[in-house]
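Data first, discussion second: the structure below is written as structure tokens.
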Amino acid sequence: MFRIFLFCFLLVAAPVLADVWTFETPSENIQCTVGEGPNSSDLECTIIERYGPPALPRPASCASDWGHSFLMYDRGPVQMLCAPVNHNRGGYSRAEYGVTGRFGGFTCHSSTKGLDCRNLDGHGFFLSRAVQSVF
């Protein structure tokens, strides 16, 4: 009886599973994590070293690093995250320059100029050391 209860509990309590994978640019300066579920997907990219002003103004409530982490879903606008930057490099799959990837509602293009990612609504971001922009 306990086994049946445990099985039913695990079946009901089990979270929806998503596929998650990572990639980075050849410079290892931009690292991304993709989550793809049955009904939506998300993409978070972090630029470790950047110069110039951030793509969006820092909110007054942000007491951490700003201008490094970008999050978007397959639909809707890009969000910038107020979060500490992880300076560890490597350990991600490599998105070589000149490669375009299409996955989970996103298209990303890696080039020597930077990383350009867009969602199904046309929202996205461009990341390079010198320029970070949100559109």
Checking G37 against (1) surrounded by 12 or more Cβ atoms within 10 Å (Cβ to Cβ); (2) modelled with pLDDT of 95 or more; (3) more than 22 Å from S128 (Cα to Cα), which test does it fail? (2)
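Kindly establish whether E24 is of a type in the set (D, E), more than 25 Å from G122 (Cβ to Cβ) and in contact (Cβ under 8 Å) with a residue 60 or more places away in the chain. Steps first, please.
Details: of a type in the set (D, E): yes; more than 25 Å from G122 (Cβ to Cβ): no; in contact (Cβ under 8 Å) with a residue 60 or more places away in the chain: yes.
Taking the combined requirement at face value, the residue does not satisfy it.
In region 42-125, which strands (runs of 3 or more DSSP E) lie fully inside it and hold 3 or more residues that are closer than 24 Å to A18 by Cα and of a type in the set (A, V, I, L, M, F, W, C)?
Numbers: elements: 69-73, 79-81, 99-103, 106-111, 114-119.
Hits in region 42-125: 69-73.
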In region 41-100, what residues are free of Cβ contacts under 8 Å to residues at least 40 places away in the same chain, in contact with a Cys (Cβ under 7 Å, 6 or more places away or on another chain) and surrounded by 17 or more Cβ atoms within 10 Å (Cβ to Cβ)? E44, W66
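The values are calculated or read from the model by the stated rules, or taken from the named source; none is laboratory data. Everything numeric in this text was worked out from a predicted model, so none of it was measured. Here the Cβ is made from the backbone with ideal geometry for all residues, glycine too, and neighbour counts use every protein chain on show.
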